[in-house]
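A quick write-up on the structure given underneath.
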Amino acid sequence: MARFSRLSDWLRWQETAHWPRVDPSLIRASAVLQRMVLSTPPFPIVTIAGTNGKGSTVALLEAILLAAGYRVGSYTSPHLLRYNERIKIQGEAVSDDIICQSFARIDAARHEISLTYFEFGTLAAIDIFHQAGLDIALLEVGLGGRLDAVNALDADVAVITTVDIDHINFLGPDRESIGFEKAGIFRSHRPAICGDPEPPESVLAHAKESAVPLYRIGRDFHYRMAGEGWSWWSNGSHYADLPHPALQGACQYQNGAAALMALKLMAARLPVSETAIRDGLSAVRLPGRFQCLPGEMERIFDVAHNLQGARWLARSLTDRPCGGRTYAVLGMLADKDVAGVVSVLENAIHGWFVGGLAVDRGLSGQALAEQMGYLTPAIYQSVAEAYRAALEAAQPGDRVLAFGSFHTVEAVMRLEGLACSSGAERCSSASV
């Protein structure tokens with residue numbers, strides 16, 4: 001008999017079923033995969049790691065492959081509004097019942113093996129994908145790469161989007177340490193892609209030592225803005241006047257370039273036409289990535305929460321000029337570089353509204369303000385209150401930017417009525 005029948009009960013139990021909550025290791029997930037005979041999927045896998053851009057790259061690949069007529073599964077984390085967003089088939093989140101049935105199978109197979117919240121979700125995605133008759137699975141790494149549960153499966157193509165400073169308690173204090181962890185998704189003699197134009201030496205060294213064919217942006221594949229579109233090329237392949245990705249933000253061309261390189265490397269097994277590429281770029285959707293809501297006061301939602309994400313966000317704001325003032329609503333977690341993120345964006349912001357995040361590792365509004373240096377933000381107990389205050393302060397022609405965490409974007413999306421009311425579950429320990 002299953003331990004629980006409701007998804008919310010499964011998730012609450014998983015939050016505390018293993019200690020520590022974040023416990024990177026391949027041993028537990030690999031053992032359960034073997035017990036469930038899931039270690040060798042019948043479909044190719046693209047694994048995507050990186051400090052930023054992972055979710056966008058998955059979304060771009062998913063949209064193009066769907067446009068090409070393939071049956072696609074995708075696994076991403078964290079979620080914004082509903083846990084189900086993490087596991088998708090054909091671009092649609094799977095149901096509560098499907099996830100619960102998978103959790104029950106995993107629970108029965110694991111016996112004495114203790115699993116983290118993230119490991120349960122990863123194993124469920126793989127289990128569900130095995131039953132779905134997929135042509136391809138896209139797997140986003142949750143944390144790092146080398147010891148992430150996703151890495152229990154061998155990638156046919158591995159992608160590193162970017163490498164920058166984040167999660168230093170787990171991945172190390174510098175880009176070389178973090179690059180080493182992310183390069184752990186590489187497999188000998190299987191192709192890998194690096195979408196970072198200045199990769200750490202650790203990434204390059206790992207590829208060389210492991211005999212990994214590494215395709216680097218700016219060397220093996222390229223992109224350029226041109227006229228009303230953009231172009232991409234690699235050895236023997238060239239696409240001109242591509243439509244702008246429907247995902248907003250300057251970073252999406254770099255993400256798109258890495259996605260197109262992955263498709264090129266998969267072409268022998270899953271050929272994709274130029275028409276499908278164009279259709280996918282135009283159709284791709286992903287909430288919370290420079291998501292713009294029009295109106296008298298434009299609202300922009302972005303999950304940027306580290307220095308690199310802040311730099312991309314600042315560039316995107318510059319590329320989308322506003323005739324009025326820009327007000328920022330900020331909520332962040334305690335292990336993030338608040339001062340650094342704020343310093344990157346302060347010249348683009350005319351007024352700051354900070355709110356507390358009542359989640360694990362969440363900063364209170366006051367604690368957040370104390371890390372903002374000489375700036376004097378308006379302080380509120382919650383992000384929701386800060387967002388309401390920013391909207392009241394804004395005048396027609398101004399814009400309001402909400403950023404700093406997935407939790408921050410979740411809160412403002414719910415206020416804007418963009419959340420689905422059924423099955424909306426969040427685990428505070430699983431957010432980055």
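A few comments on the model shown:
- Qualifying residue in the range 297-308 (condition: assigned to a strand (DSSP E or B), aromatic (Phe, Trp, Tyr) and open to solvent by less than 10 Å² (accessible area, probe 1.4 Å)): yes
- A Cβ distance below 6 Å, combined with a sequence gap of six or more or placement on separate chains, defines the contacts here; from the range 358-372, residues that are free of Cβ contacts under 8 Å to residues at least 40 places away in the same chain reach residues that are assigned to a helix (DSSP H, G or I) and surrounded by 20 or more Cβ atoms within 10 Å (Cβ to Cβ) in the pairs Gln371/Val338; Met372/Val342.
- So Leu7, is it open to solvent by less than 10 Å² (accessible area, probe 1.4 Å), at pLDDT 95 or above and touching a Cys at 6+ places or on another chain (Cβ under 8 Å): yes
- Flag if Leu286 is touching a residue at least 12 places away in the same chain (Cβ under 8 Å), in contact with a strand residue (DSSP E or B) (Cβ under 8 Å, 6 or more places away or on another chain) and not aromatic (Phe, Trp, Tyr): no
- Verdict on Ala93 being at pLDDT 95 or above, of a type in the set (Gly, Ala, Ser), open to solvent by 10 Å² or more (accessible area, probe 1.4 Å) and in contact with a Pro (Cβ under 9 Å, 6 or more places away or on another chain): no
- Identity of the residue in the range 98-130, within 16 Å of Ile87 (Cα to Cα) and of a type in the set (Ser, Thr, Tyr), that ends up surrounded by the most Cβ atoms within 10 Å (Cβ to Cβ): Thr122
- With respect to being touching a Lys or Arg at 6+ places or on another chain (Cβ under 6 Å) and either closer than 22 Å to Tyr75 by Cα or in contact (Cβ under 8 Å) with a residue 40 or more places away in the chain (or both), Leu293 fits the description.
- Single residue of Gly73, Gly55 found to be in contact with a Phe, Trp or Tyr (Cβ under 6 Å, 6 or more places away or on another chain), closer than 29 Å to Thr161 by Cα and open to solvent by less than 20 Å² (accessible area, probe 1.4 Å): Gly73
- Subset of the range 37-54 (residues that are under 8 Å from the mean Cα position of the chain (by Cα) and either of a type in the set (Ser, Thr, Tyr) or over 17 Å from Leu260 (Cβ atoms) (or both)): Asn52
- Which listed residue, of Pro44, Pro78, is open to solvent by less than 20 Å² (accessible area, probe 1.4 Å), farther than 28 Å from Arg12 by Cα and modelled with pLDDT of 95 or more: Pro44
- Residue in the range 275-282 that is open to solvent by 60 Å² or more (accessible area, probe 1.4 Å) and in contact with a strand residue (DSSP E or B) (Cβ under 8 Å, 6 or more places away or on another chain) present: yes
- So Leu247, is it touching a residue at least 60 places away in the same chain (Cβ under 8 Å), farther than 24 Å from Arg315 by Cβ and touching a helix residue (DSSP H, G or I) at 6+ places or on another chain (Cβ under 7 Å): no
The values are calculated or read from the model by the stated rules, or taken from the named source; none is laboratory data. Worth saying up front: this structure is predicted, and the values here are computed from it rather than measured. Neighbour counts run over all protein chains shown; Cβ positions are idealised from the backbone, glycine included. The area values use the complete protein model at the heavy-atom level, side chains included, leaving out ligands, DNA and RNA. Shrake-Rupley method; radii C 1.70, N 1.55, O 1.52, S 1.80 Å.
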